[in-house]
Amino acid sequence: MAAPDAPLRVAHSFAREPEQAAQHLASQLLHPDLEGVLFFCSAEHDLPALAAALEAHLGGVKLCGCTTAGELGSDGYSRGSIVALGFDRRAFALDYRLIRDLDRFTLLDAQRITDQLMEHCTRSGLAPLKGHTFAMTLLDGLSACEEQVLLTLTSVLAGIPHFGGSAGDDNRLTGTHVYGEGAFHDRAAVVLMVNTALDFEVFSTHHLRPSGEKLVVTAADQEQRRVLELNAEPAAMEYARLVGCTLEELSPEVFARHPLAVRLHDKTYVRAIQGVNPDLSLSFYCAVETGIVLTAMQASDLLTDLDREIAAIEERLGPAECILGCDCFLRRLELEQEGRQQAAGELYRQRRILGFNTYGEHCSGLHLNQTFSGVYIGRSRGDH
């Protein structure tokens, strides 16, 4: 449990009954200087009942969040729970806006929202806007709108560092939601802006390296994020050949172990496979189009990569108050297959990582897969 004067308080509830869960969160988070609450909850909850309970117990503060494909809490990986972070106004100024209709989100909408959020942060007087502000996005993970929305937002954020994640639903792929203005919404997004005098760094990392073999997308349905053909062969058949399994053996676990990526400006960006369709096409979590070249990737050690990245930031900023992370659910699947959940939990506890497993990660306007993207928030100078 955080100290009474900690800039960030954390609550983690495993209660399944909405009223009990909301009461538990409120008992851990409420105090006179609470600026706002960000939460991540399992989609297994009764969402309308949970919304009503959260508003009853936490409705007096700014409250936003989303559903997950797993939670990152005080004990590492968990499922069926709610993780919440309470921000103290003496260290943080924050505000959010709900985007209700992703399909009709325009540049003017993005400018209006960003101006309102920046105005709140400036008015707080905590710290100058430039260099002391970051943004976080939470989007409906089944909306297929991430690329356009993130591109639109990034064009007006004026260099403010940005990260985020796409909401999940415990790997069911049936309904993902964001929370804002007192209710859960689909086809929607939340944009959260945070201003603080504490040192922070937005970052993204993955443990995947190119293996050398390449696949050309020779036919795709860009709107549906489906690849119909790879190397002029039915996509699922060609992918199965690449990874050395039968069509029947293709599964989320196989996709997690054998991802594909595009290469842009000497960097690789994973394009994770969502599933196989009856016509032997492959559905992806990120944008795909005819003509792109996909590179087969192979995994290095996931936990070593993450710890190395965090250690480098710690060298620059000192110890972490918290690392707020958006961790792809395929990374979690990989660790579960390897039986390394306990090792992951120990690292997450040691590094003070909190957040959720996503259906896609956001960083600097890009929609990513199989990454850990987040913000490292340092401690106040007197706490080092």
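The values are calculated or read from the model by the stated rules, or taken from the named source; none is laboratory data. Just so you know, these numbers come straight off a predicted model, no measurement behind them. Don't worry about glycine lacking a Cβ; one is built from the backbone with ideal geometry, like all the others, and counts go over all protein chains shown. These accessible areas exclude ligands, DNA and RNA; they are computed on the full protein's heavy atoms, side chains included. Shrake-Rupley method; radii C 1.70, N 1.55, O 1.52, S 1.80 Å.
Observations, loosely collected:
- Scanning the range 290-308 for residues that are of a type in the set (A, V, I, L, M) and not in a strand (DSSP E or B), we see that the one that is nearest to ALA261 (Cα to Cα) is ILE292.
- Any hit, the range 273-289, residues being assigned to a helix (DSSP H, G or I), in contact (Cβ under 8 Å) with a residue 24 or more places away in the chain and aliphatic (A, V, I, L, M): no
- Among the residues listed as LEU198, LEU230, the single one being crowded, with 18+ Cβ neighbours inside 10 Å, over 20 Å from the mean Cα position of the chain (by Cα) and not assigned by the TED database to the domain that holds LEU282: LEU198
- Spans of strands (runs of 3 or more DSSP E) in the range 309-375 with at least 1 residues surrounded by fewer than 24 Cβ atoms within 10 Å (Cβ to Cβ), free of Cβ contacts under 8 Å to residues at least 60 places away in the same chain and not β-branched (Val, Ile, Thr): 320-328
- Residue count for the range 19-63, restricted to those that are in contact with a helix residue (DSSP H, G or I) (Cβ under 8 Å, 6 or more places away or on another chain), in a helix (DSSP H, G or I) and open to solvent by 20 Å² or more (accessible area, probe 1.4 Å): 6.
- Wholly enclosed strands (runs of 3 or more DSSP E) of the range 124-191 bearing at least 2 residues open to solvent by less than 10 Å² (accessible area, probe 1.4 Å): 133-139, 162-166, 178-180
- Each residue in the range 294-304 was checked for being within 21 Å of the chain's Cα centre (by Cα), buried (at least 17 other Cβ atoms within 10 Å of the Cβ) and in contact (Cβ under 8 Å) with a residue 60 or more places away in the chain, and 2 pass.
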